[in-house]
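Asks: Quick one: structure below, then a few questions.
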Amino acid sequence: MKNIIKHSAFALATASLLGMASCSKQIDDAHKNPNADVRVPVETLLPGIIGNFVGSSSAQGSAYGLANDGLYIGRYVQFWATNTTLNQYDRMGGATGGSDLLGSIWAMHYYGMGRNLTKMMEWAEEEKKWDYVGVGKAIRAWSWLTTTNTYGEAILKQAFNTDLLVFNYDTQEEMYAETRRLCHEAIFYLNRTGDGVSQANLAKGDAFFYNGDVNKWKRFTYSVLARSFNHLTNKAIYNPDSVLFYSNLAINTNEDNATAKFQASGLSGTFSFMGPFRSNAGALRQTRFIANLLNGTNSLFAGVTDPRAAYLIRENSTGAYRGVRPNYGPDGLLTAEQPQNFWGGSFGSTTAPGDDLNARYIFRNNAPFPIITAAEIQFIKAEAHYRKGNLAAARQAYLDGINLNFDQLTSTYQTNIPTNLQITAAQKAAYLSNPIVAPATITLSHIMLQKYIAMYGWGLVETWNDLRRYHYTDLDPVTGQQVFRDFAPPTGVDLWPDNQGAWAYRCRPRFNSEFLYNIAALDAVGGRALNYHTKEQWFSQR
């Protein structure tokens, strides 16, 4: 933590905290920061803060955000695996040695957003730009929830305190409470008008997210609240009515989807993290689990080919959809059965092409990267209704979720889909009316597997939350079948040896701060244990 606080953009400008006040005025006047004024316009801070949702870059490091850790969390949830064998993360291993892998969300929260976000909110409040204050609190609420769901215990009460060199860890339960507190404060400020509030001015900093629309930011905030209540299905305090209340106020149309957008020109950071220009997804291949969900061989959707397949994953040379078994690379697949890579190249190719003319979905250079979508919220509602026993309402929300995901794909991600593979209205209607997909009475498996499909590729931490809530292989007490039907986490020799037979439930904190500067706090939670990443988190414990 020390290193992150030390190098945060505005932590560097804290000379006044270091006992130099008596002579600072003359020195500051003579030696202003050559890179930026000590105080900068809040409009210039917000774009970089929003960039951290997916993957930011800076002089102190790069790729802080969801996507870089998602390369590895995506293997835990079997969105993808590598095209070779014996990969540590395909086997649910955690980061080891001096690696900073799986520490990007930690760095996003404490450094990339960090003091920059704190200063933006402080200065916006002084300038009575209440919309910037509300947006800042909404982003920090999302960041707290994402960070604690990735790492479990983390630094809350002492976070962003530049007077400290070491920092104590706090509980996940406390971070959930902080998330909700910030959400309610965000709504308060987003509801304020007058003074410095201006859609046009907010759009200056918000050009690549909501373009200054505070109503969309409010729905984003309510979506964070809905997620926070939905995560607690294993707890005695779980309340489906709270889930439904906030879901009804949340993102419910695709026009309100929270997506990070990319200019895709000039600097690397303006391109999508998963596109060929950034060249991060070269070794990733779709897994057997997602391919079988879409090709009709998953046991729940047996015989039903999903029209979304060409939008989400890649076909092979025969036009069929197959996927790899984690830790086995192409083993078990004939050459003709091996899927293309996500940029449209051959299975064995890991080299990014010079353009993205064959890339699809989130794997294009300028493809929007979803953070929260209307489809996700409908599946959250479906699960809450189901748990309340309102099966009719659960089924309707379930169908609405599928419908919204179809529409999201055809409106936003149809680029480079061959004409003969593009979804038609008739195909969508047939899928939604198929009794295998939409029986008169749905099950938890229907809800969770369709949610998995709708969040494929970008859901990352949230999909991992779902799998951890159901402990990967929990059985549905109604059907007696695995909730995540056919999901097979690694076992035996396929599981990373350090795991000691257990599956991954968290990431260890970022090495290049906690393991170098904050050892006592890390040891207090057992963070240096080789199997720390298998320690179950509070939110998923029964």
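Bear in mind that the values in this text are calculations on the coordinates, not laboratory data. Not measured: the values here are computed from a predicted model. Positions of Cβ are generated from backbone atoms using ideal geometry, with glycine treated the same way; all protein chains shown enter the neighbour counts.
Asks: How high is the relative contact order of the range 268-469, given as a whole-number percent (alpha carbon pairs under 8 Å, six or more residues apart)? All intermediate terms of the calculation are to be shown ahead of the outcome.
Replies: Working: 314 pairs, mean separation 45.8, N = 202.
That works out to 23 percent.
Asks: Hey, another quick one. Out of all DSSP beta bridges in the chain, what portion is antiparallel? Express it as a percent rounded to 5.
Replies: Values: 12 of 13 bridges.
Roughly 90 percent of the beta bridges in the chain run antiparallel, per DSSP.
Asks: Would you list, by chain and number, the aspartates and glutamates whose Cα falls below 15 Å from the Cα of K535, excluding same-chain residues fewer than 8 positions away?
Replies: E153, D498, D523
Asks: Roughly what angle does helix 214-230 make with the longest principal axis of the chain, taking Cα atoms, 0 to 90 degrees, to the nearest 10?
Replies: In the chain, helix 214-230 runs at an angle near 70 degrees to the longest axis.
Asks: Under a crude label model (7 Å from the Cα following the beta-carbon direction), how far is I237 from Q199 in nanometres?
Replies: 3.8
Asks: Then there's this: How do 398-407, 216-225 rank on mean C-beta neighbours within 10 Å, highest first?
Replies: Values: 398-407: 21.6, 216-225: 24.3.
By packing density, highest mean first, the sequence is 216-225, 398-407.
Asks: Once you have a ≥ b ≥ c as the square roots of the Cα gyration tensor eigenvalues for the range 194-324, tell me rounded if a/c is under 1.5, and otherwise prolate or oblate according to whether a/b is larger than b/c.
Replies: Details: a/c = 2.67, a/b = 1.28, b/c = 2.08.
Oblate, because a/c is 1.5 or more while a/b does not exceed b/c.
Asks: Could you bin all the Cα-Cα distances of the range 268-469 into 5 Å bins starting at 0 and give me the percent of pairs in each, rounded to whole numbers?
Replies: Reading the bins upward from 0: 1, 7, 15, 19, 20, 17, 11, 6, 2, 1, 0.
Asks: Note the angle between two axes, namely the Cα long axis of helix 172-190 and the longest principal axis of the Cα atoms of the chain, as a number of degrees from 0 to 90, rounded to the nearest 10.
Replies: Roughly 70 degrees between the two axes.
Asks: Still on this structure: Please give the Cα centre distance for the range 409-423 versus the range 84-113, rounded to the nearest Å.
Replies: Their Cα centres are 33 Å away from one another.
Asks: Taking every Cα atom in the range 248-322, find the radius of gyration and the maximum pairwise distance Dmax, and write them in Å.
Replies: Just the Cα atoms of the range 248-322 yield Rg and Dmax of 16.6, 46 Å.
Asks: Next up: Which Cα, out of A141, L232, N295, lies furthest along the positive dipole direction of the chain (beta carbon charges, K/R +1, D/E -1)?
Replies: Final value for the positive-end residue is N295.
Asks: Please report the net charge: other residues with Cβ closer than 14 Å to the Cβ of T297, K and R +1, D and E -1.
Replies: Overall, the nearby charge balance is +1.
Asks: Here's another thing I want to ask about it. Sort 380-389, 422-431, 251-260, 39-48 by packing, meaning the average of other beta carbons within 10 Å per residue, with the highest value first.
Replies: Working: 380-389: 22.3, 422-431: 14.1, 251-260: 19.6, 39-48: 18.1.
So the peptides 380-389, 422-431, 251-260, 39-48, ranked by packing, come out 380-389, 251-260, 39-48, 422-431.
Asks: How high is the relative contact order of the chain, given as a whole-number percent (alpha carbon pairs under 8 Å, six or more residues apart)? Don't jump to the answer; show the numbers that get you there.
Replies: On the way: 1020 pairs, mean separation 106.3, N = 542.
That works out to 20 percent.
Asks: Average projected area of the Cα convex hull of the range 349-461, in nm²?
Replies: Working: hull surface 33.8 nm².
Hull-based average projected area comes out at 8.4 nm².
Asks: Additional query: For the chain, take the longest principal axis of its alpha carbons; what is the angle in degrees between that and the long axis of helix 391-412, to the nearest 10 within 0 to 90?
Replies: Approximately 80 degrees, to the nearest ten.
Asks: Using only the Cα atoms of the range 475-542, build the gyration tensor, take square roots of its eigenvalues as a ≥ b ≥ c, and label the shape rounded, prolate or oblate: rounded if a/c is under 1.5, else prolate if a/b is larger than b/c, else oblate.
Replies: Prolate.
Asks: Can you give me the Kirkwood hydrodynamic radius for the range 152-264, using every pair of distinct Cα atoms, in Å to one decimal?
Replies: Working: mean 1/r = 0.0614 Å⁻¹.
Roughly 16.3 Å, rounded to one decimal.
Asks: Highest mean first, how do 390-396, 371-377 rank when packing is the count of other Cβ atoms within 10 Å averaged over residues? Please report the intermediate quantities before stating the final value.
Replies: Values: 390-396: 16.7, 371-377: 26.9.
So the peptides 390-396, 371-377, ranked by packing, come out 371-377, 390-396.
Asks: Another question about this same structure. With a sphere of radius 13 Å drawn around the Cβ of T441, what net charge do the other residues whose Cβ falls strictly inside it have (Lys, Arg +1; Asp, Glu -1)? The partial results should precede the final answer.
Replies: Working: positive: R395; negative: D476.
Neighbourhood net charge equals 0.
Asks: Can you give the log10 of the normalised intensity I(q)/I(0) at q = 0.07, 0.10, 0.12 Å⁻¹, computed with Debye over equal Cα scatterers of the chain?
Replies: Taken in order of the listed q values, log10 I(q)/I(0) reads -0.38, -0.80, -1.18.
Asks: Still on this model: Say R0 is 25 Å: what FRET efficiency, to the nearest 0.05, do S349 and D494 get from their beta-carbon distance? Write out the running numbers ahead of the final one.
Replies: Working: r = 25 Å, r/R0 = 1.01.
That gives a FRET efficiency of 0.50.
Asks: Could I have the simple spin-label model distance between E255 and L267, label points 7 Å from Cα toward Cβ, reported in nm to one decimal?
Replies: Calculated label separation equals 3.3 nm.
Asks: Run lengths n ≥ 4 of DSSP H only: what is the helix-derived mean residue ellipticity at 222 nm for the chain, with -39500 (n - 2.57) per run over all residues, to the nearest 500?
Replies: Working: 19 runs with 213 residues, N = 542.
My calculation for the chain gives -12000 deg cm²/dmol from helical runs alone.
Asks: Still on this structure, I have one more. Across all directions of projection, what mean area in square nanometres is found for the Cα convex hull of the range 287-376? Numbers along the way, then the final one.
Replies: Working: hull surface 28.5 nm².
Approximately 7.1 nm², given one-decimal rounding.
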